[in-house]
Structures are given as structure tokens and as C-alpha cells.
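Quick notes on the structure that follows.
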Amino acid sequence: MAHLGIAGITMLLILPSQLMSQQQPVTTLPLSHLYDAHPAAAGEDSLIHVSLWQRSPWTGLPSAPRTTSLALTSPTSSEALSWGARVWSDVAGPTRMSGAHAGMAYRTRWTRNLRMSFGLGLGWTQFSIDGNRIELEQAGDPSLDDTYQAVGVPDASAGLLIAGNDFRFAASAGHILGSRLPIYEGTSLDSRLKSHLRFLVSKRFSSGQWGWTPVAQFQQIRPIPPEWSLSLRVDRDRGFWAMAGYRSAGAGHFGAGIRINDQLTFSYNRNWAMGTLARVLGGGHEVVLGFTVPR
């Protein structure tokens with residue numbers, strides 16, 4: 001290939017026989033911005049929520065990945081319907097994925113203590129790559145011209161959420177349209193958005209003023225091996241919390257959060273790679289600022 005640094009790592013991800021660059025970012029703070037991964041979360045309650053999410057892993061590398069997302073969910077005049085919208089950008093070296101999505105969620109009572117909602121999101125996803133930022137050992141590679149290329153395609157996601165006061169189960173599928181990205185026309189690469197499957201389970205247990213919440217996440221995009229993560233969040237009266245966890249990709253994380261008032265929350269996690277790549281990839285940061293509009 002070439003002397004690429006972070007670009008080389010990126011190219012190893014995006015130029016196999018089937019493009020796999022559409023792996024959506026994995027968050028270590030899912031309870032703070034659930035709608036970013038699960039469209040049915042728009043129907044979790046009847047409040048207006050706004051979240052700003054910033055994720056910067058692999059800080060040991062130049063041009064490391066960076067994800068930013070702004071999401072909004074709101075009820076409607078119907079008790080059963082809510083809507084949500086989000087804009088996001090995921091940058092990694094010479095590549096960028098960005099998009100804008102909006103959708104609706106239908107909420108119903110499943111049992112006396114549990115609510116169930118179904119969500120559907122539609123939007124637009126753009127994938128771009130800046131060939132001028134990549135130094136190839138063999139110039140004129142037909143799969144990557146030394147120009148800036150970008151293409152946008154329609155996109156959709158769907159999901160299910162079952163939630164109670166202290167319990168959440170979420171399942172969703174992303175990129176369900178399988179839209180084709182015609183950036184690599186004339187090559188043998190199958191550049192389609194691959195469908196994602198995502199699952200989350202969390203349950204809060206309490207004793208007096210203390211609560212502890214185990215959180216399990218699972219994500220799969222074929223043919224990449226599935227990835228899972230486990231974490232534990234401990235809180236005091238839901239106003240302060242600390243958490244720690246581990247991802248099967250070989251990364252750990254720990255952090256804390258605070259409910260500043262009835263409207264504003266702040267969460268932070270410090271991530272770090274483990275194993276042989278720890279010295280190269282370094283650690284990372286993840287921050288979520290949440291705001292609930294008072295009614």
C-alpha cells in the first residue's frame with residue numbers, strides 16, 4: 001500500500017473486497033443520548049430532550065476519528081406519537097460520513113409498568129473521501145483518484161424500545177435501505193451501506209439513595225465480527241454517577257456525570273485502548289451534554 005499513518009489504517013478499513021467503513025460509532029454513554037443509536041427512543045417519554053454528543057477516540061494518532069452529533073426528540077399533540085431529528089458527522093483521516101435524519105415513534109402501553117415504542121427514521125447520508133490527503137506508493141491507483149469525491153444517498157433506520165422507570169431494552173437496524181455509494185465505479189468494490197444491528201439492555205437496581213445500573217450493548221455489521229460492551233453505572237439519587245466498562249474490541253472506559261438541575265446533565269468518559277495497539281492508539285474522550293425542556 002503506502003506510507004499512510006492514520007490514512008493507512010483508514011484504508012485498511014475501507015478498501016477490502018467489500019467496503020466496511022460504514023461501521024457506526026460505538027458510544028460508551030448510551031443512556032445519555034439513546035436516540036443517536038435507537039430511533040424508537042423518541043417515544044420513550046413525553047418530554048423534549050436535546051443532546052450534544054462528541055466522541056474523540058485514538059488521540060495518539062494524527063487525524064484520529066472524531067464524531068459529533070446533535071439530536072432532538074419531542075412529543076406531539078398525540079400522546080402516542082413523538083418525533084426526533086439528528087444531524088451528525090464522523091471524520092476519520094481523509095474520510096467523512098455525515099447525515100441528517102428525522103423520524104417518528106409510536107408509543108403504547110405493553111404492561112402496567114412497561115411502555116413499548118416503535119420508531120422509523122428517514123434521512124440522507126453523505127460519504128466523502130479526500131484523495132489529496134492520501135499518499136499511495138503507486139500513483140494513479142484506479143480505486144482512489146487524487147481528488148475529492150463525495151456522494152449522498154437516502155438512508156433509513158427502524159427500531160423497538162421497551163422501557164420502564166428503571167429498565168430499557170432497545171433493538172434497532174440502521175442503513176436498512178442498503179444504498180449504493182458509486183464512488184468506486186469501475187472497480188470490483190461493492191460499496192454499499194451495510195445494515196447494522198444494535199441491541200441495548202439496562203436495568204437499575206437501588207438501595208436507599210444509591211443505585212447501580214449494568215448496561216450491555218451489542219452491534220453487528222457483516223462480515224465484521226460482532227462487538228459487545230459491558231459497563232456498570234453507580235449513582236447517588238440519580239444526581240451524580242460514576243461508571244466503568246469494557247468493549248470486546250479491546251478498550252476500557254471510566255467516567256462520571258452530574259445532573260446540574262432538572263433540565264441540564266453532563267456526562268464524560270475517558271476511553272483507552274488495550275493490548276498491543278495501546279501505545280499507538282492512545283486514549284480517547286467522550287462527552288454528552290443533555291438538556292430537557294421544562295413543561
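The values are calculated or read from the model by the stated rules, or taken from the named source; none is laboratory data. Bear in mind the structure is a predicted one, so any value in this text is a computation, not a measurement. Heads up, the Cβs are rebuilt from the backbone with ideal geometry, glycines too, and the neighbour counts pull from every protein chain shown.
Quick notes on this one:
- Flag if residue 202 is at pLDDT 95 or above, surrounded by 13 or more Cβ atoms within 10 Å (Cβ to Cβ) and either over 23 Å from residue 44 (Cβ atoms) or within 19 Å of the chain's Cα centre (by Cα) (or both): yes
- Residues of region 84-111 satisfying the condition of being of a type in the set (A, V, I, L, M, F, W, C), closer than 27 Å to residue 149 by Cβ and without any contact (Cβ under 8 Å) to a residue 40 or more places away in the chain: 87, 91, 100, 102
- Filter pass, residue 40 being surrounded by fewer than 19 Cβ atoms within 10 Å (Cβ to Cβ) and more than 24 Å from residue 130 (Cβ to Cβ): no
- Region 225-243, residues that are under 18 Å from the mean Cα position of the chain (by Cα) and surrounded by 13 or more Cβ atoms within 10 Å (Cβ to Cβ): 227, 228, 229, 230, 231
- When restricted to residues that are over 19 Å from residue 33 (Cβ atoms), hydrophobic (A, V, I, L, M, F, W, C) and in contact with a strand residue (DSSP E or B) (Cβ under 8 Å, 6 or more places away or on another chain), region 206-229 contains 4.
- Here 51, 74, 46, 82 are screened, and the one residue that is among the small types (Gly, Ala, Ser), within 19 Å of residue 168 (Cβ to Cβ) and touching a Leu at 6+ places or on another chain (Cβ under 9 Å) is 51.
- Restricted to strands (runs of 3 or more DSSP E) entirely inside region 196-279, those with at least 1 residues that are β-branched (Val, Ile, Thr) and closer than 26 Å to residue 159 by Cβ are 196-203, 210-221, 224-236, 264-273.
- You will find that of 18, 22, 54, the residue that is under 16 Å from the mean Cα position of the chain (by Cα) and modelled with pLDDT under 80 is 22 and no other.
- Condition met for residue 256 (surrounded by fewer than 20 Cβ atoms within 10 Å (Cβ to Cβ) and under 23 Å from residue 49 (Cβ atoms)): yes
- Test: residue in region 76-87 that is part of a strand (DSSP E or B), at pLDDT below 95 and not acidic (Asp, Glu): no
- Scanning region 280-295 for residues that are assigned to a strand (DSSP E or B) and either of a type in the set (Asp, Glu) or without any contact (Cβ under 8 Å) to a residue 60 or more places away in the chain (or both) yields a single hit, 286.
- There is no residue in region 244-254 that is free of Cβ contacts under 8 Å to residues at least 40 places away in the same chain and more than 21 Å from the chain's Cα centre (by Cα).
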